[in-house]
Amino acid sequence: MESFIHIIILSMLVTTAVAIVRVKDLFAVTMLAGIYGLLSASFFVLMDAHDVAFTEAAVGAGISTILILTTLSMTGRFEKAAENPKSNYKPALALALVTVTGALLIYGTQDMPAFGAADAPVQTHVVPRYLNDSATEIDIPNVVASVLASYRGYDTFGEVVVIFTAGIGVLALIMSTASKAPVALRASMEEHVVLRIVSKMLIPLIMIFGLYVQFHGEYGPGGGFQAGVIFASAFFLYAMLFGLTAARKVVNNTWIQALAALGVLLYGSVGVLAMINGGNFLDYNFLAQDDVHGQHMGILFVELGVGITVASVMIIIFFTFSTRKQRDGEPD
Amino acid sequence: MIVHLSVLQVIIPLMAAPACLLLRKRELVWAFATLATFLTFAVSVLLLSQVMQSGAISYEMGGWEAPWGIEYRIDMLNAPLLVLISGISAIALLAARTSIENEIPENRHSFFYIAWLLCMAGLLGITATGDAFNVFVFLEISSLATYTLIALGKDRRALWASFQYLVAGTIGATFILIGIGLMYVMTGTLNMADLAQRLPEVENTKTVFTAFAFFIVGVCMKLALFPLHLWLPNAYAFAPSIVTTFLAATATKVAVYVMIRFIFDVFGFEFSFTHFPLQEILMTLGIAGIFVASIVAIYQDNLKRMLAYSSVAQIGYLILGISFASQTGIMATLLHMLNHGLMKGALFLSMAAVVYRLGVANLSQMHGIASRMPLTMAAFLIGGLSLIGVPLTVGFISKWYLVSAALENGWWPVAAAILLGSLLSVIYIWRVIEVAYFKSVTESTPDVKEAPFSILIPLWILVLANLYFGIDTSLTVSVTQMAAADLFGGLR
Amino acid sequence: MEFLGLFNYWVVVILMMIGFYIVICSNNLIKKLIGLTIFQTSVFIMYISMGKIEGGTAPILAEGVTLYSNPLTHVLILTAIVVGIATTALGLAIVVRIKESYGTVEEDEIHAKDKKA
């Protein structure tokens, strides 16, 4: 049964991707891309990757869809067919290049260990330590969280910085100057009374769920990144229904930027604190008297840092895009 | 703190960046960013001296030993590169405050410096790490920051160049990710030293071949090896001048370093050169790159663009050095990496000075400019001589070793090609010298003053470095010689 | 399961090819970015498939379970997904600016305008 669902989902992924190639209406393409994200998330669930599925659903079907739609409203909905006949060589060239790449990869997969094999190197080297010893070394049930926040915590620090960098990039490129006070920006869905009331009830729940995901990540799927995205989405909803001006009253520009920075600094400071206490960077064992307690504290704080930065940067990005949209065409 | 040096040089800029966002005031941000960068530079110099005294340094992140945790590994191969990156960044930042006045709107300046710090931290992280996946993470930090920095250019074409680079760079990075994934599936590890130990067991599998191919092609995309260089000329031409100075001197070098590290250390010399026609491929592309890019450079009016094509040609030399597959060859490449950083830094910084006064760096508007900006053009002249490879400059030293490596292999035509390539660079540098020095000032020449000292001083520091390391080669030559010996004495 | 193993990687390759094709061929910049996402996601699927162990469960320690799928690939892909969305966001910001200064987001029209200039 499981392999049946497996095949269905993968086939649907291919179908969606093919549809994306052929459709010229970018609104439809965006929706299909969202479906693509959701399908791959479902596939990740089948592959036992619950954390990844959670994230892919939030990102692939959520954030990126919203961002693309906002951009589309500024750039136009339809893709134009290339008018220039000279560019017709492109599909053939692309097809050749893509086929070569694909063939190479097919060639490469031939000697790969069989799918699902328990004796494959990926299952027998490095990983057993995480599965067998993390219970005593770190003592939290979700091994993904252990590896993410502790064994490979430095990668995750890099990941937070990547998000921070994207926020800086978006601000540097499309932040509208604060001095030009906007005309009251109206929300596109302001008249929908039902939506407004329902969401008023929903927003607090979304936030509580965000907090749950943040602090429950050690026991089940979740953690700072997913929590940050969920928390930010509450603000998106508020902005869409009550207007950007209203939302901006809640979220002050300076403060939200400071928060984004503080999240990264919090993560880094945990690492530096470990150094001051005599350990290596990010060695949580040095944070408290006994190792396991130190690991718990370290993971709690770095995940909090991730959550704060991710939520703030997502809000910054969304607000920056939406503000730009409402002041369409304004040069810098 | 001495034991933490290897991680400090990455986390100083990494944490200075968000701290800058809290400072907000652009003057303050500049001062803080420059301070942090000089601190980083000091750390990397200490690190180099430490490596020279007591050999390679390994640092375990989070106290988890490799391969379970992430390891930083500093040896003779990457320590000098760390010094180059942080050094050029520090010198360029000194000039940045003035240089970006006319090129970037004032309210963007703080973000500019933050992106700069992130870019530098990313490059340092790629260079210092001993973990294959960590390379990808820091590669993306530096790439995202680079796209931002390029897109901040004044001309609208900067946006288009940045977008093209974003697409090309992401494809390259994803290829690298595929390569890492295939290595991982065969070995179960991500640590480079561990990979080096475990890859030989499976080296005759199709999967490892494919991993190698994807990884190397991805890196070539990043290092703009001909013919994958198409994103580079416009990106360098339209980015803010000071950004080009920094990137041209460091970014492609880091990609070349990653290539060397994986070819020689991770996959191993045997695998790379016996299972693959790597030697032939790299030599062909290297020589083709030298000639095509140099010839295109001759026809450019925009001097930033001309120097960008020259960079593509210089990458050809670097790759050629690798293709010799000999100790002298790899040493020449390493030496040229450092030396080219110095010369391109000086050349692009002199163009930043020209752009600061003229608004553009078009040759057609520079008739007799040397009489108006003598110090700037003198710097360009010396940088140009260094690029050509005239004795007493760093360029001569690296060309010398390149040619001797070619002769060592008995590759006469290749040695001739290197000299012919130098001749081409004489032509494009001479064009500029002729217009700037020997044409009389015409009406189209803008009435400008010499560039301000805030740009001239950093510029001349770089120029003097070109001369100093061209005369006293003991440091650079001995360091690169040791690194090359390590690569061949090797991990196995 | 033998067939399924091959099938997984075939799909990865097909998705990768489709994504790559969109990136190269599409004239519209936003569609290019969507192509990049498909391209990247195919690699995510590859990694996650590599880590799956037959009969295993999600790597959350529980009593009575002995077989877990590989948590390391999950961690790597979590990072990669974040990198992906960061790239998309930045790419879209550049597209917005391109639209404002060129008046179009179609590749050939941008080329035409650059040539004229």
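The values are calculated or read from the model by the stated rules, or taken from the named source; none is laboratory data. Note that the structure is a prediction, hence the values are computed from the model and not measured. Positions of Cβ are generated from backbone atoms using ideal geometry, with glycine treated the same way; all protein chains shown enter the neighbour counts. Quick note on the areas: whole protein, heavy atoms, side chains included, nothing else; ligands and nucleic acids left out. Shrake-Rupley method; radii C 1.70, N 1.55, O 1.52, S 1.80 Å.
If the condition is being more than 8 Å from every other protein chain (Cβ to nearest Cβ) and more than 23 Å from A:PHE4 (Cβ to Cβ), then region A:44-61 contributes A:PHE54, A:ALA58, A:ALA61. Checking each residue in region A:90-128 for being facing chain B (nearest Cβ under 10 Å), of a type outside the set (D, E, K, R) and touching a Ser or Thr at 6+ places or on another chain (Cβ under 8 Å) picks out A:LEU104, A:LEU105, A:TYR107, A:GLY108, A:THR109, A:GLN110, A:MET112, A:PRO121, A:VAL122, A:HIS125, A:VAL126. Among residues of region B:9-35 being over 16 Å from A:PHE164 (Cβ atoms) and open to solvent by less than 30 Å² (accessible area, probe 1.4 Å), the one that is modelled with the highest pLDDT is B:THR34. Those helices (runs of 4 or more DSSP H) of region B:61-151 in which at least 2 residues are touching a Gly at 6+ places or on another chain (Cβ under 9 Å), closer than 14 Å to B:THR244 by Cα and within 11 Å of chain A (Cβ to nearest Cβ), considering only elements entirely within it, cover B:132-151. Where residues in region A:17-61 are without any contact (Cβ under 8 Å) to a residue 60 or more places away in the chain, more than 20 Å from A:LEU72 (Cα to Cα) and among the polar types (S, T, N, Q), which of them is most open to solvent (accessible area, probe 1.4 Å)? Ranking the qualifying residues of region A:17-61, first place goes to A:SER42.
Of the listed requirements (1) more than 14 Å from every other protein chain (Cβ to nearest Cβ); (2) open to solvent by 50 Å² or more (accessible area, probe 1.4 Å); (3) over 19 Å from B:ILE91 (Cα atoms), B:GLY55 misses just one: (2).
Among all residues of region A:154-163, there is none that is in contact (Cβ under 8 Å) with a residue 60 or more places away in the chain, more than 10 Å from chain B (Cβ to nearest Cβ) and in contact with a Leu (Cβ under 6 Å, 6 or more places away or on another chain). Tell me, please, whether a residue that is within 22 Å of the chain's Cα centre (by Cα) and more than 15 Å from C:VAL23 (Cα to Cα) can be found in region A:91-104. Taking every residue of region A:91-104 in turn, none turns out to be within 22 Å of the chain's Cα centre (by Cα) and more than 15 Å from C:VAL23 (Cα to Cα). Could you tell me whether B:VAL208 is more than 23 Å from B:ASP75 (Cβ to Cβ), within 11 Å of chain A (Cβ to nearest Cβ) and surrounded by fewer than 24 Cβ atoms within 10 Å (Cβ to Cβ)? When the stated conditions are applied, B:VAL208 does not pass them.
Going by what's in this entry, would A:ALA311 be described as under 18 Å from the mean Cα position of the chain (by Cα), farther than 22 Å from B:LEU5 by Cβ and assigned to a helix (DSSP H, G or I)? Against the criterion (under 18 Å from the mean Cα position of the chain (by Cα), farther than 22 Å from B:LEU5 by Cβ and assigned to a helix (DSSP H, G or I)), A:ALA311 qualifies. Helices (runs of 4 or more DSSP H) fully within region C:17-117 that include at least 2 residues being hydroxyl-bearing (Ser, Thr, Tyr): C:29-51, C:71-102.
I'd like the full set of residues that are in a helix (DSSP H, G or I) and not hydroxyl-bearing (Ser, Thr, Tyr), limited to region A:108-141. Walk me through it before giving the result.
Within region A:108-141, the first condition is being in a helix (DSSP H, G or I), and the residues that meet it are A:108-109, A:121-124, A:127-137.
Selection gives A:GLY108, A:PRO121, A:VAL122, A:GLN123, A:VAL127, A:PRO128, A:ARG129, A:LEU131, A:ASN132, A:ASP133, A:ALA135, A:GLU137.
Go through the residues of region A:234-255 one by one and say whether even a single one is touching a Phe, Trp or Tyr at 6+ places or on another chain (Cβ under 7 Å), assigned to a loop (DSSP other than H, G, I, E, B), surrounded by 17 or more Cβ atoms within 10 Å (Cβ to Cβ) and not hydrophobic (A, V, I, L, M, F, W, C). The answer is no; no qualifying residue exists.
The number of residues in region A:62-83 being open to solvent by less than 20 Å² (accessible area, probe 1.4 Å), of a type in the set (A, V, I, L, M) and more than 7 Å from every other protein chain (Cβ to nearest Cβ) comes to 0.
Residues in region B:388-419 that are surrounded by 14 or more Cβ atoms within 10 Å (Cβ to Cβ), without any contact (Cβ under 8 Å) to a residue 12 or more places away in the chain and among the aliphatic types (A, V, I, L, M): B:VAL390 only. Within the set B:THR189, B:THR245, B:THR207, B:THR146, the sole residue that is in contact (Cβ under 8 Å) with a residue 40 or more places away in the chain and more than 21 Å from the chain's Cα centre (by Cα) turns out to be B:THR189.
If you go through region A:233-250, how many residues are modelled with pLDDT under 85 and aromatic (Phe, Trp, Tyr)? Residues in region A:233-250 being modelled with pLDDT under 85 and aromatic (Phe, Trp, Tyr): 1 in total. Only residues that are among the aromatic types (Phe, Trp, Tyr), more than 7 Å from chain C (Cβ to nearest Cβ) and either farther than 29 Å from A:ALA120 by Cβ or open to solvent by less than 10 Å² (accessible area, probe 1.4 Å) (or both) were counted across region B:153-186, and they come to 2.
Please determine whether any residue of region B:467-483 is in a helix (DSSP H, G or I), over 17 Å from B:ALA332 (Cα atoms) and in contact (Cβ under 8 Å) with a residue 24 or more places away in the chain. Among the residues of region B:467-483, at least one is in a helix (DSSP H, G or I), over 17 Å from B:ALA332 (Cα atoms) and in contact (Cβ under 8 Å) with a residue 24 or more places away in the chain, which makes the answer yes. If you check C:GLY51, C:GLY56, which single one turns out to be over 24 Å from the mean Cα position of the chain (by Cα) and under 30 Å from A:ASP139 (Cα atoms)? Answer to the check: C:GLY56.
In region A:273-287, the qualifying residues are those that are aliphatic (A, V, I, L, M) and closer than 20 Å to A:LEU148 by Cβ, and the one that is surrounded by the most Cβ atoms within 10 Å (Cβ to Cβ) is A:LEU282. Taken over region C:99-108, the criterion of being free of Cβ contacts under 8 Å to residues at least 12 places away in the same chain and open to solvent by less than 50 Å² (accessible area, probe 1.4 Å) is satisfied by C:SER101, C:TYR102, C:GLY103, C:THR104. Taking each residue of region C:48-64 that is more than 7 Å from every other protein chain (Cβ to nearest Cβ) and farther than 14 Å from C:ASN8 by Cα and looking for partners that are of a type in the set (A, V, I, L, M, F, W, C) and surrounded by fewer than 22 Cβ atoms within 10 Å (Cβ to Cβ) with beta-carbon atoms closer than 6 Å, six or more apart or interchain, yields C:GLY55/C:LEU67. Name every residue in region C:67-87 that is in contact with a helix residue (DSSP H, G or I) (Cβ under 9 Å, 6 or more places away or on another chain), aliphatic (A, V, I, L, M) and under 22 Å from A:THR124 (Cα atoms), in order of residue number. Matches in region C:67-87: C:LEU72, C:VAL75, C:LEU76, C:ILE77, C:LEU78.
With respect to C:GLY64, is the statement that it is surrounded by fewer than 24 Cβ atoms within 10 Å (Cβ to Cβ) and farther than 25 Å from A:ILE7 by Cα true? So C:GLY64 fits the description; yes. So, B:PRO391, is that one assigned to a loop (DSSP other than H, G, I, E, B), out of contact with any strand residue (DSSP E or B) (no Cβ under 7 Å at 6 or more places or on another chain) and either among the acidic types (Asp, Glu) or within 26 Å of B:ILE298 (Cα to Cα) (or both) or not? Yes, satisfied.
Residues that are modelled with pLDDT under 95 and of a type in the set (S, T, N, Q) do occur in region C:103-116, at least one of them.
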